[in-house]
Amino acid sequence: MSSTESPRVPAVIAAATPTPGAVEVAEGERLRSVGLPGLTLSVRARPGASEGLPPALYVHGLGGSSQNWSALMSLLDDAVDGEAVDLPGFGDSPPPDDGDYSVTGHARAVIRYLDAQGRGPVHLFGNSLGGAIATRVAAARPDLVRTLTLVSPALPEIRVQRTALPTGLLAVPGVAPLFTRLTKEWTPEQRVRGVMALCYGDPNRVTPEGFRVAVGEMERRLQLPYFWDAMARSARGVVNAYTLGGQHGLWRQAERVLAPTQLIYGGRDLLVSYRMAARAARAFRDSRLLTLPDAGHVAMMEYPGTVATAFRELLADTEALKKRRGSANSAGDAASDASGTDDHTTLGS
């Protein structure tokens, strides 16, 4: 991806009006639509509890939406000014004009949004596909990223888990329409239970309210004419990114990330292998690793308190390091000034 995205693309912002069947918005959240050249993004905002908090941006995974971050956003609103995007074709965001659902295309959408809003650098969060997107953004535009928090990032695996193969099959042309026909009798409740069995380490952790919201969102998505197309093309984008080598390969880009990085992996993840955690920790130069043996693919939804604590520790350590460097620089400047004063006195005598 180019690291020279146009830095100041004007945005057109309009408040989203809730209507029957609209996307659910939790208490304390706001939803708005942001128009950018070639795409429109729905953005879920949870403003910080106080003025002047650093901005954060949350990026969901394949088949997800900004709702996936609501629990974590509510726990961190005293630490960051949070926003979560619906990627093009997901949540309440319409498809991109150019039909580009590649990892690079999604990353470009995130970059355009950050540039247009002037929010960078942000604390960037990503889950699954969102983790691959966030990695690409951080590598291409380090000026936009303060820290990186990746939950089960979709980074290439040599041996993909068998349990992840059905999702990968969506990338095969014709499979999505076939799956749609074969499952047309499935109820939204059945579909949601299937997704939760795949994504949660323990689906019993889902609250009745969480299940109700997920079913409502599934009902809404199934009415969208582009839903399966967005799923299939984005899945194809992940497969293509897995096979891409050279400087544009995701592992090579991970090695170029400068931002302090928190990695979070679940021991019961059926989509991203737990064994990839160690490799990721080696690839990201300034990283720390949190492994949750009982978590699945969406630790920020299963264990939001634990993930929030991990980010707070990352934030505190990053701020402490920044202060130490600032103090060291000030001390160095003072020493230089003192040295310069002595030299001046000597020369003037």
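Each reported figure results from applying straightforward, stated rules to the coordinates on display, with no laboratory input. Because the structure is a prediction, the values reported are computed rather than measured. As a convention, Cβ positions derive from the backbone with ideal geometry for all residues, glycine included, and neighbour counts pool all protein chains shown.
So if I take the centroid of the Cα atoms in region 179-242 and the same for region 51-96, what is the distance between those two points in Å?
18
Classify region 27-323 as rounded, prolate or oblate, taking a ≥ b ≥ c as the square roots of the eigenvalues of its Cα gyration tensor: rounded when a/c is under 1.5, otherwise prolate if a/b is larger than b/c and oblate if not.
It comes out rounded by the Cα gyration axes.
Rank 127, 232, 79 by how far each Cα sits towards the positive end of the charge dipole of region 27-323 (+1 on Lys, Arg Cβ; -1 on Asp, Glu Cβ) and give me just the farthest.
232
Arranged from highest to lowest average of other beta-carbon atoms within 10 Å per residue, in what order do the peptides 184-194, 41-51 appear?
Peptide ranking by packing, descending: 41-51, 184-194.
Run the dipole for region 27-323 about the Cα centre, Lys and Arg Cβ at +1, Asp and Glu Cβ at -1, nothing else charged, and hand back the magnitude in debye, nearest 20.
Dipole size: approximately 860 debye.
Quote to one decimal, in nm, the extra length available between residue 281 and residue 312 on full extension: 0.36 nm per residue of separation minus the C-alpha distance between them.
Taking residue 281 through residue 312 to full extension adds about 9.3 nm, to one decimal.
For region 27-323, give me the percentage of DSSP beta bridges that are antiparallel, rounded to the nearest 5 percent.
Here the antiparallel bridges make up roughly 30 percent for region 27-323.
Find the relative contact order for region 63-149 and round it to a whole percent, using C-alpha pairs within less than 8 Å whose residues are 6+ positions apart.
With pairs under 8 Å counted, the relative contact order is 22 percent.
If R0 is 41 Å, what FRET efficiency do you get for residue 324 and residue 32 from their C-beta distance, rounded to 0.05?
Calculated transfer efficiency: 0.60.
Pop a pseudo-label 7 angstrom from the Cα along the beta-carbon direction at both residue 119 and residue 247 and give the gap in nm to one decimal.
2.9
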